[in-house]
Amino acid sequence: MNKQKIKQKLKSVLHIKRLWFIILIPLSLIITEIAKNNPSFAEFYAENIYRYISLLFNNISGILPFSLAEITVILLVLGAVVYIVYLIVMLIKKKGHRLKVIGNFVLNIICVVCVTAFLFTANCGINYYRMTFSELSNIEVRKSSEDTLYNLCVILAQNATKAREKVQENSGIMCLNQAEISTAETAKNAMNNLSETYPYITSGYSVPKGVMLSRCMSYANITGVFFPFTFEANVNTDIPDYSIPSTMCHELTHLRGFMREDEANFVSFLACIKSNSADFQYSGYMLGYIYASNALYSENRDKCNSLSEYISDGVLRDLNNNSEYWRQFETPVAQVASNINDSYLKSNSQIDGIKSYGRMVDLLIAYYNLQ
């Protein structure tokens, strides 16, 4: 092949407009590296760019009473199936142009991946490297003694027991005293109220949304998802009632630009216990107690077992019900989902993977030390 033909081939390739989408991958990597090595850049982006983009699109998607994210995922799965069938048909029809058909198929997939990666980076990826919530709120996190951890567990157990007395029951198990949409509205208000103390927890976002296929989320061990492509906080509403309020606030925290799991849990805890709703207070204290007691169990099982004197029968029933609920989803699917989540967290510099959730305990101790 002479030089002229090579030039013509190169020109024909470059004239494929979709090919230019590939530049989004290195652009995403460059932006991520800048954010990783320069937290002030990530913080500036979160406060001055992400905040307004997310508010705009969240309020647009918030007009819909259902989860646009869920519909998007369903349509993408169906679209993928249709596209594969279309590819097979075209390969049968165009026997003499199969290489071109496959080339276009691969190119389209690459373009979708490139656009998705860039949107993920812009809509939430950079936020992983912003200043931490503890830095912004001047909460000093440091190592604590086993006795300090035990005292924290006692405080949380007592508060959970006290809050449990104010909630409703159904067959001895805590149940929410209002409908899903009303609970979602309370979650939004709880986060908005928290912004008065912590102004970087921006107010003005719409409510979290329950997912129709919540049972499917449970099979994947997922309680909630922040979908950065529609800027929606999505919640699994099939889970035990006591954990729904804290899950809603957790996903709303991600929506507000705090992507670290330990911080989302801690902010959710704060929003719940400072709420006027008994359901939310109970959910928040239970969230804190479960993480703190699990940490104590790893350190000293006997001390952890002694906490039973501080929790009521009602709290114990809710904990047992929660264990029974999740036991039915202990399947290979759940394990695969857990491994994927672990890899996802590590890829975003949460180097301990799913273990990073345990760091919430240090934040709880630091918070109560301030009190």
The stretch 253-327 shape via C-alpha gyration tensor axes, a/c threshold 1.5: prolate
Cα centroid separation - the stretch 261-310 against the stretch 145-159, whole Å: 10 Å
Residues of the stretch 190-225 with amide N under 19 Å of the 7 Å Cα→Cβ point at PHE57: 202-209, 225
Label-point separation, GLU47 to TYR83 (7 Å along Cα→Cβ), nm: 4.0 nm
Residue-averaged [θ]222 nm for the chain, counting only DSSP H segments that reach four residues, each worth -39500 (n - 2.57): -20000 deg cm²/dmol
Mean Cα-pair separation over length for the chain, i.e. relative contact order, pairs under 8 Å, 6 or more apart, %: 21 percent
Entries in LYS143/LYS166; LYS209/LYS303; LYS166/LYS209 that, when Cα-Cα distance is taken, lie over 30 Å: LYS143/LYS166; LYS209/LYS303
Pair-distance profile P(r), taking every C-alpha pair of the chain, with 10 angstrom steps and integer %: 5, 20, 30, 23, 11, 6, 3, 1, 0
Computed label-point distance, nm, for sites ARG327 and SER298 using a 7 Å Cα→Cβ extension: 2.4 nm
Selected from ASN170, ILE88, SER182, residue furthest toward positive end of dipole (the chain; charges at beta carbon): ILE88
Distant-in-sequence amide H partners of GLU232 (H built 1.01 Å from N, under 5 Å): PHE227
Shape category assigned to the stretch 65-129 from the gyration tensor of Cα positions, a/c cut at 1.5: oblate
GNM result for the chain, Cα springs below 10 Å: residue of PRO228, PRO65, PRO240 fluctuating most strongly: PRO65
LYS162-MET212 FRET efficiency (beta carbon distance; Förster radius 25 Å; 0.05 resolution): 0.10
Calculated from backbone phi, Karplus (6.51, -1.76, 1.60) coupling profile of the stretch 113-129 in Hz, x at Gly/Pro: 4, 4, 5, 4, 5, 5, 5, 4, 4, 6, 8, 6, x, 5, 5, 5, 10
Portion, in percent, of the accessible area of the stretch 152-294 that falls on carbon or sulfur, probe 1.4 Å: 47 percent
Of ASP238, ASP279, ASP313, the one that fluctuates the most in a GNM where the chain has Cα springs shorter than 10 Å: ASP313
Most fluctuating residue given options LYS188, LYS166, LYS95, as computed from a GNM of the chain linking Cα atoms under 10 Å: LYS95
FRET efficiency for GLU169 and ILE102, using Cβ-Cβ distance with R0 set to 41 Å, rounded to 0.05: 0.10
Probe 1.4 Å, protein heavy atoms only - accessible area per residue of the chain in square angstrom: 53 Å²
PHE118 - accessible surface, heavy atoms, 1.4 Å probe, Å² rounded to 10: 60 Å²
Coil-residue trypsin sites (Lys or Arg not before Pro) of the stretch 203-278, DSSP, other Cβ within 10 Å capped at 16: LYS274
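The values are calculated or read from the model by the stated rules, or taken from the named source; none is laboratory data. Bear in mind the structure is a predicted one, so any value in this text is a computation, not a measurement. Methodologically, a virtual Cβ is constructed for each residue, glycine included, from the backbone with ideal geometry; neighbour enumeration extends over all protein chains shown. Remember, those area values only see protein heavy atoms, side chains included, never the ligands or the DNA or RNA. Shrake-Rupley method; radii C 1.70, N 1.55, O 1.52, S 1.80 Å.
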